[in-house]
Amino acid sequence: MDPTRSDRRNFLRGATAGAAALTASHLGAAGPAFGAQSGAAAGESARTLVRPPRLRAGDRVGLVNPATAAFDTVAIDVAKDSLAALGLEPVLGRNYFARRGYLAGTDEQRAADIMEFFQDDSIRAIWARGGWGAARVLPHLDYDVIAAHPKVLVGYSDTTALLSGVHRKTGLVTFHGPFPRNRFSANAQRTLLFEAEVPTLSNPVRVAPTETVQTEDRVRTLTPGRARGRIVGGNLSVLTAIVGTPYVHEFDDAILFLEDVNEAVYRVDRMMTQLALSGALSRIRGFVFGRCTDCPPGESHGSLTLEEVLLDHVGPLGVPAFRGTMIGHISRQFTIPLGVEAEIDADAGTIQLIAPAVT
């Protein structure tokens, strides 16, 4: 996901130090609200949920690069063609191929592309590329303007910071999902963004011709039961990096979903510990972990498994939880609308959306 992985880890260490001021434990000890800030942000609460208008064939949509510098012109051709296959007209941000070191231009340039597309009423949606750097643009966005021009905003991976920040500041439903490069992801986005349906997200049952049972895309229950709440989340390392800022989700009574890539299990443990110590985990109603792609146990004397780490942190909460849903750095992905009501069934491994994500 991130060619500059070490830079993001350095940022994460700084965020960890800032989170130490949050004294609520994951067992629910008294402390300031998760993400509490001084000054104007201290009194900020969740805004009224705003659903963007649905997409229609022929709509113009913007492509922005708020993170890592782009070099591969074929990759952007694939992204544009995938949107065109949905019947959309893709428009590239003017700074998409800008460069400042490992970033796609200055923070101001990257923010300018986002703001230009939000202000342009002929642009009906925005897809954002990942990498590293989206968190840096958050102070440069005009959230009043974004709130006045609600539209579909899609991305995943590093774009988690942008999705979370925009949702927290404006109440706008944002969408954790990919460029629709394959039929699975395209159908998921057509159902959600065009048809305004409320699907049940369930891994497809697929049994290979040489197998007798399903061996891929399986889910596993961590704690049984059902839970209902606002669904929020995204990439684990990016999300924990903005803990303690006014741009992170509010987690009270939420369903939290997470995913990651190229992280050793001990680092997943470290980040889950940060969420626990900040008080985030003690506030959720349910938990879903998608995929941790290329997340080896490491080469040290011994290691916990990923499932053991998740159970260590989520098990004591007693909330319904499961892992293995199709969210993450995989070719076939669900698109998740952040902020809408959803119900999870941890025994069945499903996420049922309760209301449309678009109007």
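The values are calculated or read from the model by the stated rules, or taken from the named source; none is laboratory data. The structure displayed is predicted, hence computed values, not measured ones. With ideal geometry, Cβ positions are generated from the backbone for all residues, glycine too; neighbour counts draw on all protein chains shown. Ligands, DNA and RNA are stripped out before the accessible areas are found, and what is left, the full protein with its side chains, is counted by its heavy atoms. Shrake-Rupley method; radii C 1.70, N 1.55, O 1.52, S 1.80 Å.
Residues checked against (1) in contact (Cβ under 8 Å) with a residue 60 or more places away in the chain; (2) among the aliphatic types (A, V, I, L, M); (3) touching a strand residue (DSSP E or B) at 6+ places or on another chain (Cβ under 6 Å); (4) more than 22 Å from residue 49 (Cα to Cα):
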| site | (1), (2), (3), (4) |
| --- | --- |
| 115 | no, yes, no, no |
| 126 | yes, yes, yes, no |
| 129 | yes, no, no, yes |
| 137 | yes, yes, no, yes |
| 140 | no, no, no, yes |
| 152 | yes, yes, yes, no |
| 170 | yes, no, no, no |
| 178 | yes, no, no, yes |
| 183 | no, no, no, yes |
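Among (1) among the aliphatic types (A, V, I, L, M); (2) in a loop (DSSP other than H, G, I, E, B); (3) open to solvent by less than 10 Å² (accessible area, probe 1.4 Å), which single condition is residue 304 missing?
The single condition residue 304 does not satisfy is (3).
Checking the conditions here, which among 250, 211, 259, 216 is on the phi < 0 side of the Ramachandran plot, surrounded by 22 or more Cβ atoms within 10 Å (Cβ to Cβ) and either free of Cβ contacts under 8 Å to residues at least 40 places away in the same chain or acidic (Asp, Glu) (or both)? Steps first, please.
Details: 250 fails: surrounded by 22 or more Cβ atoms within 10 Å (Cβ to Cβ); 211 fails: surrounded by 22 or more Cβ atoms within 10 Å (Cβ to Cβ); 216 fails: surrounded by 22 or more Cβ atoms within 10 Å (Cβ to Cβ).
The conditions single out 259.
Can you name the residue in segment 163-208 that is in contact with a helix residue (DSSP H, G or I) (Cβ under 6 Å, 6 or more places away or on another chain) and either among the basic types (Lys, Arg) or open to solvent by 40 Å² or more (accessible area, probe 1.4 Å) (or both) and, of all such residues, is farthest from residue 141 (Cα to Cα)?
197
If I ask for residues that are of a type outside the set (D, E, K, R) and closer than 13 Å to residue 356 by Cα, which ones from segment 189-213 would you list?
Listed by number, the residues that qualify are 189, 191, 192, 193, 194, 196, 198, 199, 200.
When segment 103-117 is examined, which residues are found to be under 18 Å from residue 135 (Cβ atoms) and either basic (Lys, Arg) or part of a helix (DSSP H, G or I) (or both)?
Within segment 103-117, 107, 108, 109, 110, 111, 112, 113, 114, 115 meet the criteria.
Scanning segment 82-102 for residues that are out of contact with any Gly (no Cβ under 7 Å at 6 or more places or on another chain) and assigned to a loop (DSSP other than H, G, I, E, B), which turns out farthest from residue 332 (Cα to Cα)?
101
Please verify whether segment 342-356 includes one or more residues that are in contact with a Phe, Trp or Tyr (Cβ under 6 Å, 6 or more places away or on another chain) and over 28 Å from residue 194 (Cβ atoms).
Yes - at least one qualifying residue is present in segment 342-356.
Say we look at segment 214-262 and pick out the residues that are in a strand (DSSP E or B) and of a type in the set (Gly, Ala, Ser); which of these is nearest to residue 157 (Cα to Cα)? Don't jump to the end; show me each part of the working.
Quick first cut of segment 214-262, residues in a strand (DSSP E or B) only: 220-223, 226-235, 254-261.
Remaining after also requiring of a type in the set (Gly, Ala, Ser): 227, 229, 233-234, 254.
Working: 227: 25, 229: 23, 233: 11, 234: 7, 254: 20 Å.
It comes out as 234.
With at pLDDT 95 or above and crowded, with 16+ Cβ neighbours inside 10 Å as the only criterion, which of 87, 133 stands out?
Every option except 133 fails the conditions.
Checking the structure you have, find out if any residue of segment 336-354 is exposed (fewer than 14 other Cβ atoms within 10 Å of the Cβ), touching a residue at least 24 places away in the same chain (Cβ under 8 Å) and of a type outside the set (A, V, I, L, M, F, W, C).
No, segment 336-354 contains no residue that is exposed (fewer than 14 other Cβ atoms within 10 Å of the Cβ), touching a residue at least 24 places away in the same chain (Cβ under 8 Å) and of a type outside the set (A, V, I, L, M, F, W, C).
Name the residues in segment 263-284 that are assigned to a helix (DSSP H, G or I) and among the acidic types (Asp, Glu), would you?
269
Out of 325, 305, 293, 273, report the one residue that is closer than 21 Å to residue 239 by Cα, at pLDDT below 95 and of a type in the set (Ser, Thr, Tyr).
293
Within segment 47-74, how many residues turn out to be exposed (fewer than 13 other Cβ atoms within 10 Å of the Cβ) and either modelled with pLDDT of 95 or more or within 19 Å of residue 95 (Cα to Cα) (or both)?
Summing the residues that are exposed (fewer than 13 other Cβ atoms within 10 Å of the Cβ) and either modelled with pLDDT of 95 or more or within 19 Å of residue 95 (Cα to Cα) (or both) in segment 47-74 gives 7.
Looking only at segment 286-301, filter to residues that are touching a Leu at 6+ places or on another chain (Cβ under 9 Å) and of a type outside the set (A, V, I, L, M); which one of those is most open to solvent (accessible area, probe 1.4 Å)?
Taking segment 286-301 first, the residues touching a Leu at 6+ places or on another chain (Cβ under 9 Å) are 286-290, 292, 295, 297.
Then keep just the ones that are of a type outside the set (A, V, I, L, M); that gives 286-287, 289-290, 292, 295, 297.
Details: 286: 0, 287: 0, 289: 1, 290: 4, 292: 25, 295: 27, 297: 76 Å².
In this case the residue turns out to be 297.
Do you know which of the residues in segment 136-162 that are of a type in the set (Ser, Thr, Tyr) and within 15 Å of residue 327 (Cβ to Cβ) is surrounded by the most Cβ atoms within 10 Å (Cβ to Cβ)?
If we filter segment 136-162 for residues that are of a type in the set (Ser, Thr, Tyr), which is where we start, we get 143, 156-157, 159-160.
Cutting the leftovers down to within 15 Å of residue 327 (Cβ to Cβ) gives us 156-157, 159-160.
Values: 156: 26, 157: 26, 159: 27, 160: 29.
Result: 160.
Among the residues of segment 46-59, is there at least one that is closer than 24 Å to residue 196 by Cα and part of a strand (DSSP E or B)?
Yes.
Among 62, 130, which is assigned to a loop (DSSP other than H, G, I, E, B) and within 21 Å of residue 186 (Cβ to Cβ)? Please lay out each step first, then the result.
On the way: 62 fails: assigned to a loop (DSSP other than H, G, I, E, B).
130 is the lone residue from the list that is assigned to a loop (DSSP other than H, G, I, E, B) and within 21 Å of residue 186 (Cβ to Cβ).
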